[in-house]
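The values are calculated or read from the model by the stated rules, or taken from the named source; none is laboratory data. Only a predicted model underlies this, so the values are computations on that prediction, with no experimental measurement involved. As a convention, Cβ positions derive from the backbone with ideal geometry for all residues, glycine included, and neighbour counts pool all protein chains shown.
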Amino acid sequence: MKYILITGATGFVGINIVCRLLEENNTYLYLLARDAGTNTATTRMHNILKTYYADTEEFNNVLNRIEIISGDITEDKLGISNDKWNELSQKINIIYHSAATIHFNLPYNEAYQINVLGTKRVLNFAEQCYKNRVLQVMNHISTAYVGGKIFRTFFEHELSIGQEFANTYEKTKFEAEILTNEYINRGLPIIVYRPSIIAGNSISGVITKGAIIFEFINQFSTHTYKEFICNEDSSLNIIPIDYLIEAMIHISMEKNNTGKTFHVINKNNTNIRSMVTTICKALNVATPLFISIDNQNHASKYTKLLLYTFINYIEKSHVFDDSLATKALNNSNIICERINADYFVKIVSYCQENKLLKGALRAIMDC
């Protein structure tokens, strides 16, 4: 039996890790989650799990294979008791650290508390598991955008190359990687994954409200964008959530991959204008007027406000090398297909069928 701790289990990446690992017969999962307001960690996790396991019998079977732990990575010892810390540190074989804030506009100190100090606390727990000779691997989920404002090809072996950052998310994820590498150098078996923009499931279209692509879809559904700033060749690197999960699990199973960093990205960027046109057509709304980057001053103040935090990703396309990831996945059937119109139609259909598009005018900067 493999005993696995997952942080951030209530998030989009975290819950997909949970569901995928439950497909394995020899896994037992410990899910670290926060109490939030009047909702306990258990209530929050149950509500999310029920959206994936609607059948009562299936849901009950899942509950027999997980333990929900009320905790918080921003608190000492993950916010759990000494007894629980000692129990888990003598049992956990695998860690998936997916807990993070992905808010672009969060004040630096708040982002630092979660993304850097939170990671440090998880690393300290991993180190204790390693000292107890039970830890096989810790999987740290970073982001390809630790490259910041580097618009040449960004390589997997690179990290600190004098880059500047577009927001506190990029900066604190970068700092968390610096910290993680210190623990790797101390001998901990850690693998770092850098995904690009994570979007819906390639088969079902399942996506959650926290995803950037969802925010685009939601805003287009309310006719928020009368115009949109991007060039004809502006592009984003987008991956389906299922590709990320399958890639991570496969890479994590090879002991020789510990100590390495892998870009889990799409070899082909997605054209932004094509994406916007496809989404609007699927929503049956008018496509906004496209305004080039050079002429963005002609756009309305409202449009510029909506795109303020995200404009860095539109003005210049990010390009990533994934040679190490390609090599690690070489003997598998795991590939990231080119994102096409059908993919976005699936996501839009899922959002519509599940009544997720409620017309909330949330700016991307507030996601």
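Tell me, yes or no, whether the stretch 111-119 has at least one residue that is under 13 Å from the mean Cα position of the chain (by Cα), closer than 22 Å to ILE241 by Cα, in the same structural domain as PRO189 (by TED's automatic domain parsing) and surrounded by 19 or more Cβ atoms within 10 Å (Cβ to Cβ). There is at least one residue in the stretch 111-119 that is under 13 Å from the mean Cα position of the chain (by Cα), closer than 22 Å to ILE241 by Cα, in the same structural domain as PRO189 (by TED's automatic domain parsing) and surrounded by 19 or more Cβ atoms within 10 Å (Cβ to Cβ). Annotation note: of ILE68, ILE94, the sole residue that is within 17 Å of ARG44 (Cα to Cα) and surrounded by 16 or more Cβ atoms within 10 Å (Cβ to Cβ) is ILE68.
The set of residues from the stretch 281-300 being in contact with a Ser or Thr (Cβ under 8 Å, 6 or more places away or on another chain) and either part of a helix (DSSP H, G or I) or of a type in the set (S, T, N, Q) (or both) comprises LYS281, ALA282, LEU283, THR287, ILE293.
Mind listing just one residue for me: the one in the stretch 161-201 that is among the β-branched types (Val, Ile, Thr) and within 15 Å of the chain's Cα centre (by Cα) and, of those, farthest from ASN269 (Cα to Cα)? In this case the residue turns out to be THR172. Listed conditions (1) more than 28 Å from TYR52 (Cα to Cα); (2) surrounded by fewer than 20 Cβ atoms within 10 Å (Cβ to Cβ) are all met by ILE272, apart from (2). Could you say whether any residue in the stretch 214-230 is in contact (Cβ under 8 Å) with a residue 12 or more places away in the chain and over 21 Å from LYS281 (Cβ atoms)? Checking the stretch 214-230: not a single residue is in contact (Cβ under 8 Å) with a residue 12 or more places away in the chain and over 21 Å from LYS281 (Cβ atoms). With respect to the conditions (1) surrounded by fewer than 18 Cβ atoms within 10 Å (Cβ to Cβ); (2) within 22 Å of ILE251 (Cα to Cα), LYS149 falls short on a single one, namely (2). Residues that are in contact with a Cys (Cβ under 8 Å, 6 or more places away or on another chain) and part of a helix (DSSP H, G or I) occur in the stretch 199-213; there is at least one.
Annotation note: of ALA9, ALA36, the sole residue that is assigned by TED's automatic domain parsing to the domain that holds TYR96 and either surrounded by fewer than 19 Cβ atoms within 10 Å (Cβ to Cβ) or of a type in the set (S, T, N, Q) (or both) is ALA36. Summed over the stretch 18-44, residues that are assigned to a strand (DSSP E or B) and more than 24 Å from GLU87 (Cα to Cα) total 2.
Restricting CYS351, CYS336 to those that are in contact with a Phe, Trp or Tyr (Cβ under 6 Å, 6 or more places away or on another chain) and at pLDDT 95 or above reduces the list to CYS336. When the stretch 301-325 is filtered for residues that are surrounded by 14 or more Cβ atoms within 10 Å (Cβ to Cβ), part of a helix (DSSP H, G or I) and polar (S, T, N, Q), the ones remaining, listed by number, are THR303, ASN312. Checked against (1) of a type in the set (Ser, Thr, Tyr); (2) over 16 Å from GLU67 (Cα atoms); (3) outside any helix (DSSP H, G or I), TYR96 passes all but a single condition, namely (2). Among the residues making up the stretch 241-280, those that are without any contact (Cβ under 8 Å) to a residue 60 or more places away in the chain, farther than 22 Å from LEU21 by Cβ and part of a helix (DSSP H, G or I) are ILE272, ARG273, THR277. ILE334 meets each of the listed conditions (1) in a helix (DSSP H, G or I); (2) surrounded by 15 or more Cβ atoms within 10 Å (Cβ to Cβ) apart from (1).
Note on the stretch 1-17: residues that are over 19 Å from the mean Cα position of the chain (by Cα) and part of a loop (DSSP other than H, G, I, E, B) total 1. Among the residues of this structure, ARG194 does not count as one that is in contact (Cβ under 8 Å) with a residue 12 or more places away in the chain, surrounded by fewer than 20 Cβ atoms within 10 Å (Cβ to Cβ), among the charged types (D, E, K, R) and assigned by TED's automatic domain parsing to the domain that holds VAL137.
Check whether at least one residue in the stretch 274-294 is in the same structural domain as ASN218 (by TED's automatic domain parsing), touching a helix residue (DSSP H, G or I) at 6+ places or on another chain (Cβ under 8 Å) and within 30 Å of PRO107 (Cβ to Cβ), and report yes or no. Yes. The residue that is surrounded by the fewest Cβ atoms within 10 Å (Cβ to Cβ), among those in the stretch 160-171 that are in contact (Cβ under 8 Å) with a residue 60 or more places away in the chain and either in a loop (DSSP other than H, G, I, E, B) or touching a Ser or Thr at 6+ places or on another chain (Cβ under 8 Å) (or both), is ALA166. When GLU227, GLU156 are checked against the criterion of being touching a Ser or Thr at 6+ places or on another chain (Cβ under 7 Å) and not assigned by TED's automatic domain parsing to the domain that holds TYR130, GLU227 stands alone in meeting it.
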